[in-house]
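Notes to accompany the following structure.
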Amino acid sequence: MKIATYNVNSINARIENLCSWLNVQKPDIVLLQEIKSEFNSFPFFEIQSCGYNVSILGQKSYNGVAILSREKIKVINENIPSFTDDQARYLEADVNIQGTTYRVASVYLPNGNPPYNNASDNSKFEYKLAWMDAFINHIKDLAILPQPVVIGGDFNVIMADKDVYDPKAFANNALFRHEVKQRLQQLSFLGFYDTFRILHPHDIGYTFWDYTANSLNADFGMRIDYIFASAPAVDKLSSCFVDKAPRLANKPSDHTPLIAEFL
């Protein structure tokens, strides 16, 4: 069974790229972020033509998350429970694959950096921390579920020096500040495992390369997309890898998929 996470950076702009990748990799479940689409403009037909059911939490022009599955999707939560949010960043569902019901969630965590024209504005970082606190609080509920739980997405957090091409350049960036790293680290304390790092403790594993400054060719990347799995899911984990092919395709997202396979 194959689960992927992919920040597609506008579903309608990348639909040909996405469908081509779906037909090659054939994942069972795909967790999408930054779809930048409301329900009425989402390309349901194209994705259903690739053999997938779709559930989305959309937003015009910004954010937005979706879950694609070859099997039926039962939505459990749209946005984090008990956290009032007008941004579409979290979608959680149950999907039954080969007799096992997986709880899955697509996460698009806030960036947190200030506007370019106002470096002293700390409101976006405060929102990021509040969002993460609510997310961690909800993870405590997911941690006690007996079923396998898989949480994937763009977390906008760089966990370690080896996860970014130039740690010094990002020392004060909202993706690399100790407050966000400490919060994301709590996932491991609650029994959720970074599937890529379990299998590749020393590999780089970048999932994002900026569009500018020849970043892709120079490999100026960062690892900010993750798939976290609870113990019942990790027991079934067989592989986890970055698929760079979509980033090398025409009209790519600045992210590329991360794929985990489970027995």
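The values are calculated or read from the model by the stated rules, or taken from the named source; none is laboratory data. All figures in this text were calculated on a predicted structure; none of them were measured in a lab. All Cβ positions, even for glycine, are placed from backbone atoms using ideal geometry, and neighbour counts span all protein chains on display.
Before moving on, here are some points about what is shown:
- Every pair of residues 6+ apart whose Cβ atoms lie under 6 Å, when the first sits in the range 217-235 and is farther than 18 Å from Lys168 by Cβ while the second is assigned to a helix (DSSP H, G or I): Ile227/Thr195; Phe228/Leu187; Ala229/Thr195
- Which listed residue is under 22 Å from Asp133 (Cα atoms) and assigned to a strand (DSSP E or B), from Ala105, Ala4: Ala105
- Residue in the range 221-233 that is in contact with a Pro (Cβ under 6 Å, 6 or more places away or on another chain), more than 19 Å from Met159 (Cβ to Cβ) and either crowded, with 19+ Cβ neighbours inside 10 Å or at pLDDT 95 or above (or both) present: yes
- Candidates Tyr127, Tyr116: the one that is in a helix (DSSP H, G or I), of a type outside the set (S, T, N, Q) and free of Cβ contacts under 8 Å to residues at least 24 places away in the same chain is Tyr127.
- Residue in the range 71-130 that is nearest to the chain's Cα centre (by Cα), counting only those that are surrounded by fewer than 20 Cβ atoms within 10 Å (Cβ to Cβ) and among the acidic types (Asp, Glu): Glu78
- Which numbered condition Asn172 fails, given (1) polar (S, T, N, Q); (2) more than 20 Å from the chain's Cα centre (by Cα); (3) not in a loop (DSSP other than H, G, I, E, B): (3)
- Complete set of residues in the range 131-145 that are assigned to a loop (DSSP other than H, G, I, E, B) and either exposed (fewer than 15 other Cβ atoms within 10 Å of the Cβ) or in contact with a Phe, Trp or Tyr (Cβ under 6 Å, 6 or more places away or on another chain) (or both): Ile144, Leu145
- For the residues Val180, Val149, Val164, the requirement of being farther than 25 Å from Asn9 by Cβ, at pLDDT 95 or above and either among the β-branched types (Val, Ile, Thr) or out of contact with any helix residue (DSSP H, G or I) (no Cβ under 6 Å at 6 or more places or on another chain) (or both) singles out Val149.
- Test: residue in the range 201-210 that is under 17 Å from the mean Cα position of the chain (by Cα), over 29 Å from Phe262 (Cβ atoms) and surrounded by fewer than 16 Cβ atoms within 10 Å (Cβ to Cβ): yes
- Residue that is nearest to Phe39 (Cα to Cα), among those in the range 64-90 that are in a loop (DSSP other than H, G, I, E, B) and basic (Lys, Arg): Arg89
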